[in-house]
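Here's the structure we're looking at; comments come further down.
The values are calculated or read from the model by the stated rules, or taken from the named source; none is laboratory data. Every value quoted in this text rests on a predicted model; they were computed, and no experiment measured them. Here the Cβ is made from the backbone with ideal geometry for all residues, glycine too, and neighbour counts use every protein chain on show.
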Amino acid sequence: MLNEYDVISKVGQNVLSGYLGLNVETLELQQGANSIESSGVGVALQIIGQMEGQYICTMSTTSVKELVSRMMGGYEIQQLDEMCWSAFQEFGNWFVSGIATELASHGIQVNITHPLIHEGDVTYHSNNNYTVVTMTTEIGKIHVYMQLNEVETT
Amino acid sequence: MAKIMVVDDAAFMRKMIKEILTEGGHEVIGEAADGVEAISVYKSCNPDLVTMDITMPEMDGIAAVKALKQLNSEIKVIMCSAMGQQAMVLDAITAGALDFVVKPFQKDRVLEAVRKLLLV
């Protein structure tokens with residue numbers, strides 16, 4: 001049985017702690033919601049294949065600058081430019097690719113789409129509830145929302 | 001020192017890989033953002049080795065490796081992808097890649113893969 005909370009927590013630890021050296025504490029699974037509000041920055045990807053769904057990761061602008069700085073080897077980020085957005089997209093790519101690899105270990109083959117970035121006030125609405133996982137780190141809170149659905153076969 | 005072409009749709013990743021390779025004493029002589037561009041750039045710069053992403057627009061990395069193998073059956077390609085599941089690695093190797101580096105990677109992993117392929 002696939003536990004989405006465990007998958008997100010494990011991949012989050014791998015990417016944020018294992019690669020970027022952050023101290024990560026994953027908060028308990030939050031009540032699922034079918035709408036998401038973000039006033040900071042987020043990266044969203046679709047998951048397609050034997051299961052389908054969405055992944056959205058949001059955080060504050062300050063947190064993104066810190067995150068991208070770590071990805072760039074400590075280079076101080078004053079302003080988020082095109083290269084920073086490319087790095088943040090790549091962060092989303094790493095995270096969801098890690099989820100895809102975890103799903104493969106459960107015998108579920110999926111692929112992912114190109115990451116999209118949002119900035120400012122955004123509300124996502126969906127028919128299905130998202131699994132909501134918040135990770136606290138020294139660069140701020142990182143919120144991950146994911147929904148995965150079985151693909152109906154005819 | 002090798003002359004290397006870097007293929008990745010993410011500008012950040014091309015920059016990161018280029019910095020790693022340059023620090024390792026190699027020269028990046030070509031860059032491409034998708035498989036179609038990779039074939040064109042490969043023909044014009046004829047590199048010793050290629051690093052290739054998989055998920056890209058226009059033509060993905062697996063199809064690009066197959067196309068490049070048609071141009072040069074001895075081509076040396078390292079796949080650099082975040083999609084590290086076994087099926088994807090197998091597809092890449094079957095297409096003709098000689099190594100597979102999973103993103104995010106450490107600098108040494110990339111340089112070691114390049115070093116090994118240059119000995120082949």
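Please work out if A:ALA87 is small (Gly, Ala, Ser), free of Cβ contacts under 8 Å to residues at least 40 places away in the same chain and under 19 Å from B:ASP53 (Cβ atoms). Taking the combined requirement at face value, the residue satisfies it. Does any residue of the stretch A:95-116 turn out to be part of a strand (DSSP E or B), of a type outside the set (Ser, Thr, Tyr) and loosely packed, with under 15 Cβ neighbours inside 10 Å? Yes: the stretch A:95-116 contains one or more residues that are part of a strand (DSSP E or B), of a type outside the set (Ser, Thr, Tyr) and loosely packed, with under 15 Cβ neighbours inside 10 Å. Among the conditions (1) assigned to a helix (DSSP H, G or I); (2) surrounded by fewer than 23 Cβ atoms within 10 Å (Cβ to Cβ); (3) away from chain B (no Cβ under 11 Å); (4) in contact with a strand residue (DSSP E or B) (Cβ under 8 Å, 6 or more places away or on another chain), the only one that A:TRP85 does not satisfy is (3). Here A:THR62 clears all of (1) β-branched (Val, Ile, Thr); (2) surrounded by 18 or more Cβ atoms within 10 Å (Cβ to Cβ); (3) modelled with pLDDT of 95 or more except the condition numbered (2). Picking from residues in the stretch A:40-59 that are surrounded by fewer than 19 Cβ atoms within 10 Å (Cβ to Cβ) and within 14 Å of chain B (Cβ to nearest Cβ), the one that is nearest to A:TYR19 (Cα to Cα) is A:GLN46. Residues considered: A:LEU67, A:LEU45. Of these, the only one that is at pLDDT 95 or above and touching a Pro at 6+ places or on another chain (Cβ under 7 Å) is A:LEU45. The residue of the stretch B:1-32 that is surrounded by the most Cβ atoms within 10 Å (Cβ to Cβ), among those that are within 11 Å of another protein chain (Cβ to nearest Cβ) and closer than 19 Å to B:ILE62 by Cα, is B:ASP8. Can you tell me which residues in the stretch B:82-116 are more than 14 Å from chain A (Cβ to nearest Cβ), out of contact with any helix residue (DSSP H, G or I) (no Cβ under 7 Å at 6 or more places or on another chain) and of a type in the set (D, E, K, R)? Scanning the stretch B:82-116 gives B:GLU112, B:ARG115, B:LYS116. Just one residue in the set B:VAL120, B:VAL114 is in contact (Cβ under 8 Å) with a residue 12 or more places away in the chain, touching a His at 6+ places or on another chain (Cβ under 8 Å) and under 20 Å from B:MET1 (Cα atoms); that residue is B:VAL114. May I ask you to verify whether A:GLN79 is within 18 Å of B:ALA82 (Cβ to Cβ) and either part of a loop (DSSP other than H, G, I, E, B) or in contact with a Pro (Cβ under 8 Å, 6 or more places away or on another chain) (or both)? Here the answer is no, as A:GLN79 does not meet what is asked. No other residue among A:GLU37, A:GLU25 is within 18 Å of A:PHE95 (Cα to Cα), loosely packed, with under 15 Cβ neighbours inside 10 Å, more than 13 Å from the chain's Cα centre (by Cα) and at pLDDT below 95 apart from A:GLU25.
I'd like the full set of residues that are out of contact with any strand residue (DSSP E or B) (no Cβ under 8 Å at 6 or more places or on another chain) and either surrounded by 14 or more Cβ atoms within 10 Å (Cβ to Cβ) or within 19 Å of B:GLU19 (Cα to Cα) (or both), limited to the stretch A:65-79. The answer is A:LYS65, A:VAL68, A:SER69, A:ARG70, A:MET71, A:MET72, A:GLY73, A:GLY74, A:TYR75, A:GLU76, A:ILE77.
Number of residues in the stretch A:106-131 that are more than 8 Å from every other protein chain (Cβ to nearest Cβ) and farther than 20 Å from A:ASN34 by Cβ: the value is 9. The residues listed here are B:MET56, B:MET79, B:MET52; of these, the one that is under 13 Å from the mean Cα position of the chain (by Cα), within 14 Å of another protein chain (Cβ to nearest Cβ) and modelled with pLDDT of 95 or more is B:MET79. Just one of the numbered conditions (1) part of a helix (DSSP H, G or I); (2) among the aromatic types (Phe, Trp, Tyr); (3) under 11 Å from the mean Cα position of the chain (by Cα) is not true of B:PHE12: (3).
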